[in-house]
Every structure is written in C-alpha cells, then in structure tokens.
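Structure first, commentary second.
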Amino acid sequence: MGRKKIIAGNWKMNGTPTEAVALANSLKDKISGSASDVVFCVPAIDIIPVLEAVKGTDIQVGAQNIHFEESGAFTGEISAKMLVDVGVKYVVLGHSERRQYFAETDETVNKKVLTAIKNGLIPIVCVGESLTQREQGITVDLVRLQTKIAFKDVTAQDAKKSVIAYEPIWAIGTGKTATNAEAQEVCAAIRQVVREIYDDATAEEIRVQYGGSVNGGNASALFAEADIDGGLVGGASLKPEFEKIVNY
Ligand code: PGA
C-alpha cells in the first residue's frame with residue numbers, strides 16, 4: 001500500500017510556447033510541493049520552455065506521444081531518446097484520441113510502451129471503453145485486453161513503475177464523469193489483471209489513474225477510492241482549477 005498519487009495534466013493540442021509558459025508559471029507555486037506527483041503533459045514544442053519554467057520545482061514534464069522506433073525515416077515523429085535528452089520523465093501513450101484519430105492500436109501502443117521503458121520514460125498507458133461498449137457490458141473485458149496487450153513483454157519490475165490511466169471515452173471532454181463507483185470498479189479490474197499477468201507486489205505498486213472530466217469538484221471523491229491513484233486531467237488542467245485538483 002501507500003501508493004503515491006499521480007496527477008497529470010494532459011494539455012492536448014493547446015497552448016503556444018508563450019501561453020504554455022504563462023500557464024506553467026501561473027500554476028507552479030500553488031501546486032509544487034504537493035503530496036502527489038504532478039506532471040504537465042504538454043505539446044512537444046512546449047516541452048523545453050515548460051521544463052525551463054518549472055525548473056527548481058518538483059513538477060515533472062511529460063510528452064503526449066512517441067514513435068516506437070528509436071530513430072530513422074519517420075518524418076514528423078519524435079523519439080523517446082529526444083525527450084529523455086531534454087529531461088522529460090513521462091509519456092502518455094495510447095490516449096483514446098490517438099487511437100481514434102491516428103489509428104493507434106493495442107499493438108502499436110505495446111511497441112511504444114516497450115520503447116518508452118527501454119529509454120527510461122515512465123509510460124502513462126491509457127485504456128477505456130466507448131459508450132457503446134459500456135452499454136454492451138464489455139467494459140471490463142475490453143480494458144483487461146487493452147492492458148494485457150499494452151504490457152506484453154514488459155517485465156514486472158518495469159510494470160511496477162508504470163502508470164495506467166482508465167479513461168472512459170464517453171467521459172472525456174464531455175463533462176460527464178464516471179461515478180466514483182464506476183471508476184473504482186474498472187480501476188480495480190485493471191489492478192486485478194495486472195495481478196494475473198504479474199503478481200501481488202506489481203499490482204499493489206502500479207498506479208492506476210482515472211481520467212474523464214475530472215474537475216475541482218469531483219477530484220477528491222474519485223481519488224478517495226481504493227484503486228484510484230490520481231487522475232489524468234484534460235480540460236481542467238488548463239485552468240486555475242487544476243490547483244484544486246492537485247490539492248484535492
Ligand atoms: P478531460 O480529458 O479531463 O477534458 O475529460 C481527459 C483526457 O482526455 O485525458
């Protein structure tokens with residue numbers, strides 16, 4: 001027990017470097033030194049200026065994607081090594097928007113997870129169901145499968161340090177949050193599949209976040225659930241409200 005909470009802002013494609021630095025500066029004093037790990041997952045071009053802005057605080061900077069190859073002829077892509085070189089610690093992988101708009105699959109997510117870990121990045125692996133899938137009653141089956149494929153060939157030692165974000169697609173950016181019980185149920189199911197793949201120790205150590213319309217009003221109740229170790233926060237991470245979530 002005693003898992004440290006991790007609260008990550010997923011800024012998505014928002015904020016020019018100038019705006020990103022202003023946002024980081026406006027938040028950093030209010031959220032550094034919190035009891036949780038705090039990460040700003042920012043657009044690629046904002047990474048270096050935001051790293052500079054949060055220097056001297058305990059806020060970490062994360063990326064939102066990598067390519068699964070180490071280097072080469074992949075125009076427009078960014079490698080894990082490039083991120084590590086500038087001081088990035090985390091990377092969001094397999095976000096539902098990347099699966100939906102950029103054709104990422106469980107298999108490519110797995111390749112990216114392996115490349116991230118190999119280079120020393122901590123993956124925040126996103127899983128979650130659509131509204132149709134929830135209505136069909138296959139949520140738990142689906143996230144179990146997504147988790148199993150994402151962690152194929154990942155060692156227990158590396159899985160322990162990783163983060164999984166349970167993000168029901170119908171709750172992302174919709175203002176429609178999963179109930180605390182719904183979020184807890186699926187986060188517990190994810191921890192259970194980690195237990196089945198690895199062992200009790202890995203299941204107890206890996207951190208499972210909830211994401212999907214987390215805000216200043218619902219964060220503390222969600223984070224109080226036994227298997228919810230923090231949040232992946234989209235819209236509210238761009239607002240002063242993010243402080244309320246971090247200091248929930
Ligand atoms: P949201 O996004 O908080 O705006 O719903 C969450 C996410 O997509 O990570």
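General observations
- Binning all Cα-Cα separations of segment 119-248 at 5 Å, short to long from zero, yields these whole-percent fractions: 2, 12, 22, 24, 19, 13, 8, 1.
- Annotation: Cα Rg of segment 84-163 relative to the compact-globule expectation 2.2 N^0.38 Å equals 1.14.
- For residue 226 and residue 145, a Förster radius of 22 Å and the Cβ-Cβ distance give a FRET efficiency of 0.40, rounded to the nearest 0.05.
- Ratio of the Cα radius of gyration of segment 37-178 to 2.2 N^0.38 Å, where N counts its residues: 1.07
- With 0.36 nm allotted per residue and the present C-alpha distance subtracted, the residue 74-residue 16 stretch has 18.5 nm of extension available.
- Three-way shape label, the chain, alpha-carbon gyration tensor, a/c 1.5: rounded
- Principal axis analysis of the Cα atoms in segment 174-248 yields extents of 40, 20, 17 Å, listed in decreasing size.
- The chain, accessible surface, carbon-and-sulfur percent (1.4 angstrom probe): 54 percent
- Alpha-carbon centroid distance for the pair segment 171-231 / segment 1-57, whole angstrom: 21 Å
- Accessible area of the chain divided out per residue, in Å², using a probe of 1.4 angstrom: 44 Å²
The values are calculated or read from the model by the stated rules, or taken from the named source; none is laboratory data. Keep in mind that this is a model prediction, so the values were computed, not measured. Glycine also receives a Cβ, built like all others from the backbone with ideal geometry; neighbour counts cover every protein chain displayed. Areas reflect the complete protein model, heavy atoms only, side chains present, ligands, DNA and RNA absent. Shrake-Rupley method; radii C 1.70, N 1.55, O 1.52, S 1.80 Å.
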